[in-house]
Amino acid sequence: MGIFSRVIERSKGVKFYSETLDDFLEKRSLSEEQKIKLDEIKNEYKLDDKVVYSAKISAFNKVWNNIISDLTISDDEHKEIERVGTDLEIKLEDTQFDQEDFNKYRALGMIQSGKLPNMDKSICDSFGLILKPDEQLYYGQAGVLRKLTTRTTVSRINYSGLTASIRIMKGVRYRIGSVKPGMQKVTQEVLAIDDKGLLYLTNIGIGFAGAKKRFVIRYEQLASVQLTENGLTIFKSGKETPYIITMNDYEVILAIISFKLNEEEK
């Protein structure tokens, strides 16, 4: 068999292996019989481990993207992700699997089914946060605590009326209507960074653990929670100034707060 023929045969084998693997994973698991069949295809077409591994990664990515296409991960889908990864004997870091996306979609899937998520408390370690023994962590996400403050800037005022110039001598002109520029102070309200840390939700309330600032607001102490152009704005009963938190995503946080507040009203 010539080189060209071997390349065609190999390409045919890779395609056959990949298509067979995709078909087998329609039920999101691999039986022992199916694994044997895949090994037979590998040996028949003399496919090397690197090519086979690449086909497995591609197959897992298809399963993963299919599962998160509705932006939620159910209990069954959670098990399927773990099972497929184990059956394929691959490393998740080599795939399109994203832990942050998993945390988000898994939490939304649980809330959709009428349950609150239970997040691993290890996320608190990076922020030096120690929860109480009976405190259940629903969700935690990096955020920036901000505060509204006033900032004054000084800007130069230039003459903007009609002007003309008359030549006096070579290289020198007299400007008619020129005035000495003045200065103007402008004061405006800006959103400044107060601290960076972890915004977290537990069975007790909403908390923030930063390098300098920390607070916990029990659910019954919440006056209102709003998502504004400034970020997540949290008003605590009896406190005039709100807490303002900005994050990359607010969907899970708002879903859990809504769930808890509706639960409190029942």
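FYI, it's all coordinate maths here, none of it is from the lab. Being a predicted model, the structure only gives us computed values, none of them experimental. Using ideal geometry, Cβ is built from the backbone for each residue, glycine included, and neighbour counts are taken over all protein chains shown.
Quick notes on this one:
- Note on the range 3-97: Cα convex hull, mean projected area over all directions, 6.3 nm².
- Rg/Rh (Cα only; Kirkwood hydrodynamic radius) as it applies to the range 75-120: 1.01
- Here Phe215 and Lys46 are evaluated by their C-beta separation; at R0 = 51 Å the FRET efficiency comes out at 0.20.
- Residues of the range 225-253 with amide N under 11 Å of a point placed 7 Å along Cα→Cβ from Ala142: 248
- Dipole magnitude (debye, nearest 20) for the range 201-261, charges at Cβ of Lys, Arg, Asp, Glu: 360
- Cα extents of the range 39-162 along the three principal axes, largest first (Å): 87, 57, 29
- Measuring r between the beta carbons of Lys79 and Met247 and using R0 = 30 Å, the FRET efficiency lands at 0.55.
- Computed from the C-beta positions of Thr149 and Leu254, the FRET efficiency with R₀ = 30 Å rounds to 0.70.
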